[in-house]
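Scroll down for the structure; my scribbles are underneath it.
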Amino acid sequence: MERSVRNVFGFLVAAVVLAAGTALLSAHDDAPETFEPPFASLDELRFLESGDPLKDWNPDRTWRSTDGRQLRATLQEVAGDAAVLRLENGKTAAVPLERLDEEDRRFVAEWQEISMFFDPGYRPGRNIANTVEAGIRDGAFAKEGRVHETRHFRFECDEALNAEVVRDFSRLFEATYLAVERNPLALAIAEPPAGKFRVRLFSREPDYLAAGGQEDAAGVYLINERTMLVPLSSLGLEPGTRGFRKTRAFDPRTLIHETTHALTHQWLNRVPMWFIEGFAEYVAAIPYRDGVMDFDRVAEGLLGQAERKFGGDPARFALLGPEGLVATGALEFMGREEPAEEPLLLSPVEKFQIEVVKNGESQSPDSEGTSMARNDRNPSTAPGDAEAEETSADPGLPSRGSRDRGPVVVRRYISSMLLVNHFLESGRAGALREYLFAHLHFEWDRNRYLNDYERTYREHRRAVAAQVSEFNEAIDRFNTGIKEYNAAAERFNRNGTGAVPEVPAEPVVPAALEVPEILANPRSPSDLSRADFRARAAERHLSLPPALTLPQPE
């Protein structure tokens with residue numbers, strides 16, 4: 001009996017991948033490059049418990065070595081590969097990090113990151129007097145009274161300053177440094193890139209504007225350049241026979257305000273504007289004279305600041321309500337249009353399933369032999385995070401022009417100053433500190449989450465591509481086998497000799513890869529929204545007063 005073997009057609013195209021995807025997003029938008037995500041080197045905050053960094057990263061603790069010994073001491077700094085500890089007897093010891101157990105090494109790593117923003121070793125102390133007066137810096141310009149240095153600052157002017165002004169400015173800068181350092185919020189002092197904070201003073205308005213100053217600001221702090229710009233006219237100085245001198249209108253508060261911004265540089269663009277400007281106004285309002293910040297007269301200073309801003313009559317403008325104030329965006333605070341925040345949308349990723357398309361068959365999901373979870377949406381391009389665009393210069397005190405937006409901005413400045421004072425004077429600095437830390441934690445968590453999402457997404461796509469490639473190779477081998485089978489079948493049918501070939505087994509479509517949880521159930525737009533977070537943070541941490549009032553000195 002004649003035997004025959006049927007020819008078998010092979011498959012044509014092999015694998016098609018269909019699934020829902022998402023756009024890859026950056027955790028931060030167009031922020032200045034100096035503002036990297038906080039705690040960038042940490043993948044977790046193991047010691048976070050209360051939310052108050054002074055408690056959670058208190059450097060006074062019992063330390064343990066790798067050989068089990070214990071030592072009660074206070075971490076003061078990290079010098080190279082050693083932790084500098086202050087012992088109970090007052091002496092210090094540098095302990096190599098490798099000699100500390102794993103938990104203590106982790107504590108040191110977190111403490112270092114936290115210390116960029118807070119001073120975990122802060123101890124209350126408000127008396128600031130007799131600040132060190134720095135001498136005039138040696139050099140060619142110093143002889144003309146134009147370039148000067150103190151312990152922490154370098155200030156230069158395009159014209160000579162007389163000796164009295166140099167002495168007073170030297171004391172003023174250092175007193176402001178101490179006022180911020182000893183404030184109960186325990187904010188860390190920023191690290192200036194060149195070792196000292198830079199101040200540029202201008203005798204001519206056009207030069208001030210050309211350097212980056214603003215017409216409606218008595219001074220600015222340039223974030224990217226990390227430089228304060230202040231025109232001498234806003235300070236009440238005038239030319240004299242031996243350099244610029246003070247007049248009766250001399251007022252150092254603008255300089256103190258901008259200095260506070262420089263000292264707290266790491267906080268700019270990271271917390272709401274009401275605190276950034278309110279804190280700078282608060283420090284500037286503390287009565288200052290001859291190197292002394294008089295904290296006993298804070299109420300008098302706040303009232304004087306308001307009177308000065310409101311043209312001598314603070315009753316002209318009603319203060320803002322605290323709830324509306326803390327909800328104000330950065331641009332709106334400065335009297336500019338605040339764009340609505342576009343939601344940061346992460347679409348869930350569905351399973352990527354291979355579809356096999358046989359010769360002549362439709363590619364519809366209902367084709368015979370097809371097993372797939374299909375979604376025809378292309379990876380969606382999620383909108384960018386349209387958080388309010390931050391400014392690169394502090395608009396300072398809007399008392400020099402800007403008639404349209406000046407009054408309302410002044411109200412925000414003074415109201416913010418009083419709100420900061422409310423927390424400090426009511427003994428609730430800890431609540432405000434927790435509120436500030438919550439903003440850092442949100443940015444850290446948000447950045448980490450989006451990085452994890454992007455990394456996981458890429459890894460999942462690579463795994464799917466590898467699965468597709470492997471299955472395509474299997475189909476190529478199958479098609480080659482079919483060709484060889486058909487050739488053998490033809491020879492067998494023609495000659496009736498040889499072994500009957502076996503039909504190659506069709507490759508099995510692999511099961512869809514499991515979608516990682518972070519891709520299958522991403523966080524909601526609200527969880528990733530900075531505006532929504534600000535509202536939650538204020539409600540959780542700040543028990544706001546129903547209204548703000550100007551303090552009345554006793």
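The values are calculated or read from the model by the stated rules, or taken from the named source; none is laboratory data. All figures in this text were calculated on a predicted structure; none of them were measured in a lab. Heads up, the Cβs are rebuilt from the backbone with ideal geometry, glycines too, and the neighbour counts pull from every protein chain shown. The protein model used for the area step is the full one, side chains on, heavy atoms only, and it has no ligands, DNA or RNA in it. Shrake-Rupley method; radii C 1.70, N 1.55, O 1.52, S 1.80 Å.
Considering region 290-331, the residues that are acidic (Asp, Glu) and closer than 25 Å to LEU424 by Cβ include one that is least open to solvent (accessible area, probe 1.4 Å), namely ASP294. Every test in (1) open to solvent by 30 Å² or more (accessible area, probe 1.4 Å); (2) over 30 Å from SER426 (Cα atoms); (3) not in a loop (DSSP other than H, G, I, E, B) is passed by ASP532 save one, and that test is (2). Please specify each residue of region 185-204 satisfying the condition of being touching a Lys or Arg at 6+ places or on another chain (Cβ under 7 Å), of a type in the set (Lys, Arg) and open to solvent by 70 Å² or more (accessible area, probe 1.4 Å). ARG198 - this is the single residue of region 185-204 that is touching a Lys or Arg at 6+ places or on another chain (Cβ under 7 Å), of a type in the set (Lys, Arg) and open to solvent by 70 Å² or more (accessible area, probe 1.4 Å).
Considering only region 242-263, state which residues are open to solvent by 10 Å² or more (accessible area, probe 1.4 Å) and not in a strand (DSSP E or B). Selection gives ARG242, THR247, ARG248, ALA249, PHE250, ASP251, PRO252, ARG253.
The number of residues in region 504-528 that are in contact with a Phe, Trp or Tyr (Cβ under 9 Å, 6 or more places away or on another chain) and either modelled with pLDDT under 85 or surrounded by 14 or more Cβ atoms within 10 Å (Cβ to Cβ) (or both) comes to 15. In the set ASP52, ASP60, ASP43, only one residue is open to solvent by less than 20 Å² (accessible area, probe 1.4 Å) and under 31 Å from the mean Cα position of the chain (by Cα); that residue is ASP52. Scanning region 535-550 for residues that are more than 22 Å from the chain's Cα centre (by Cα) and surrounded by 13 or more Cβ atoms within 10 Å (Cβ to Cβ) yields a total of 4.
Of the residues screened, VAL78 is one that is among the β-branched types (Val, Ile, Thr), closer than 30 Å to ILE223 by Cα and open to solvent by less than 90 Å² (accessible area, probe 1.4 Å).
When you scan region 499-510, do you find a residue that is assigned to a helix (DSSP H, G or I) and aliphatic (A, V, I, L, M), even just one? Looking for residues that are assigned to a helix (DSSP H, G or I) and aliphatic (A, V, I, L, M), one finds none in region 499-510, hence no.
The residues of region 106-127 that are modelled with pLDDT of 90 or more and in a loop (DSSP other than H, G, I, E, B), listed by number, are SER115, MET116, PHE117, ASP119, PRO120, GLY121, TYR122. Residues that are in contact (Cβ under 8 Å) with a residue 40 or more places away in the chain, among the basic types (Lys, Arg) and assigned to a helix (DSSP H, G or I) within region 166-188 comprise just one, ARG171.
If only residues of region 205-219 that are more than 15 Å from CYS157 (Cα to Cα) and crowded, with 23+ Cβ neighbours inside 10 Å are counted, the one that is modelled with the lowest pLDDT is ALA217.
Residue-wise test of (1) within 30 Å of HIS439 (Cα to Cα); (2) hydroxyl-bearing (Ser, Thr, Tyr); (3) open to solvent by 60 Å² or more (accessible area, probe 1.4 Å).
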| position | (1), (2), (3) |
| --- | --- |
| PHE155 | no, no, no |
| ASP158 | no, no, no |
| THR176 | yes, yes, no |
| ASN183 | yes, no, no |
| LEU222 | yes, no, no |
| GLU225 | yes, no, yes |
| LEU229 | yes, no, no |
| GLY236 | no, no, no |
| GLY240 | no, no, no |
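Take the residues in region 82-129 that are polar (S, T, N, Q) and touching a residue at least 24 places away in the same chain (Cβ under 8 Å), then tell me which one is least open to solvent (accessible area, probe 1.4 Å). The selected residue is SER115.
Residues in region 386-429 that are small (Gly, Ala, Ser), at pLDDT 90 or above and under 30 Å from PRO525 (Cβ atoms): 1 in all. With the condition kept exactly as written, say whether any residue in region 498-505 is in contact (Cβ under 8 Å) with a residue 24 or more places away in the chain and acidic (Asp, Glu). No, region 498-505 contains no residue that is in contact (Cβ under 8 Å) with a residue 24 or more places away in the chain and acidic (Asp, Glu).
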